[in-house]
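Structure, as structure tokens:
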Amino acid sequence: MAKQISAWTRLIGSRDVASCRQAAELLQAALDDEIDASSRDRVLRHLEACRRCGLEADTYRAIRTHISEQYQYPPDEAAIADLESFGRHLTQQ
């Protein structure tokens, strides 16, 4: 029996790219460099190839940049938790 190739693999040409689901689950950790390099690279390759996920990542980056520009000091833990929750909510829609 021939091995099935996913539509994503046919489109991208590589099996070493995260799926949308995987990218969504790891997005914040990947952008914050909080996961291993191999997983982060898979997610970043996905973000380059997938417009929808790439736009979500851009939104997360813009929010994070805006917050960091508004504060002299890092925001408190509650603000960070709210931002992370909002980012997770974006990737689940």
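The values are calculated or read from the model by the stated rules, or taken from the named source; none is laboratory data. Since the structure is predicted, the reported quantities are computational estimates derived from the model, not experimental observations. Virtual Cβ from ideal backbone geometry, glycine too; neighbours counted across all protein chains shown.
D76 fulfils the conditions (1) surrounded by 10 or more Cβ atoms within 10 Å (Cβ to Cβ); (2) modelled with pLDDT of 80 or more; (3) charged (D, E, K, R) except for a single criterion, (2). A single member of V17, V43 is hydrophobic (A, V, I, L, M, F, W, C) and at pLDDT below 80, and it is V17.
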